[in-house]
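Notes follow once the structure below has been shown.
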Ligand SMILES: C[S@@+](CC[C@H](N)C(=O)[O-])C[C@H]1O[C@@H](n2cnc3c(N)ncnc32)[C@H](O)[C@@H]1O
């Protein structure tokens, strides 16, 4: 007999599969004719990626966030600036990676001021984990970069350890940060701690 817990898990998995299918359709048209793109995970109100896309009109850019109101604000920035090379989508990161078209590759990933999940018992919620670094590597282009910025000392140290210990990524200690634009959350932060990594050949 199937328990309530098993039925609940089946239902959650079916809902996830539906969201991934829908997102795959959106991404197939968003990324049509684009071999690579720049990806911002947790793009919030869109300050950073809208400015980046305006600065690099030849690059396709996709920002995702879980919160609809933030995605709507980002979309208003895109429209106001008349940008045609950036998309902002409401999506969860692992679902986004699963939904990407088979031939689409991420050239640059930016994770700016992610939720730090400071309590020990919540650290499993951080995006940077060995499994998600593997999933990101599998969807990234040769020589891809991962750019991570936080104010949080512990999350910074955690990311250094996770990336250093990962077989697919290597930290580039001397690489300069490629583009500066203050994000919405950055205005509240006191520190800036960066990690830049490269996908290993
Ligand atoms: C602290 S905010 C930073 C937003 C923006 N990068 C900035 O600096 O202003 C973190 C954002 O990541 C989003 N987020 C957290 N986990 C996510 C996930 N798994 N997939 C997509 N977005 C996520 C949250 O909704 C939130 O808007």
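Annotation for region 123-173 versus region 183-197: alpha-carbon center distance of 16 Å. Residue separation of residue 5 and residue 188 scaled by 0.36 nm, minus their Cα-Cα distance, works out to 61.8 nm of gained length.
Each peptide in 44-52, 138-146 was scored by the mean count of other Cβ atoms within 10 Å over its residues; highest first, the order is 44-52, 138-146.
Within the chain, the ratio Rg/Rh, alpha carbon atoms throughout and Rh by Kirkwood, equals 0.97. For region 4-199, the share of DSSP beta bridges that are antiparallel, to the nearest 5, is 30%. Can you compute the FRET efficiency between residue 120 and residue 33 using 1/(1 + (r/R0)^6), with r the Cβ-Cβ distance and R0 = 45 Å? Round to the nearest 0.05. That gives a FRET efficiency of 0.50.
Ordering 120-126, 56-62 by mean Cβ neighbour count within 10 Å, with the highest value first, yields 56-62, 120-126. For residue 58 and residue 95, the FRET efficiency from 1/(1 + (r/R0)^6), where r spans their Cβ atoms and R0 equals 35 Å, is about 0.80.
Only beta bridges with both residues in region 92-198 are counted; by DSSP, about 55 percent of them are antiparallel.
Laboratory data are not the source of any read-out in this text; all were calculated from the coordinates shown. This structure is a prediction, so every number in the text was calculated from the model and none was measured. Methodologically, a virtual Cβ is constructed for each residue, glycine included, from the backbone with ideal geometry; neighbour enumeration extends over all protein chains shown.
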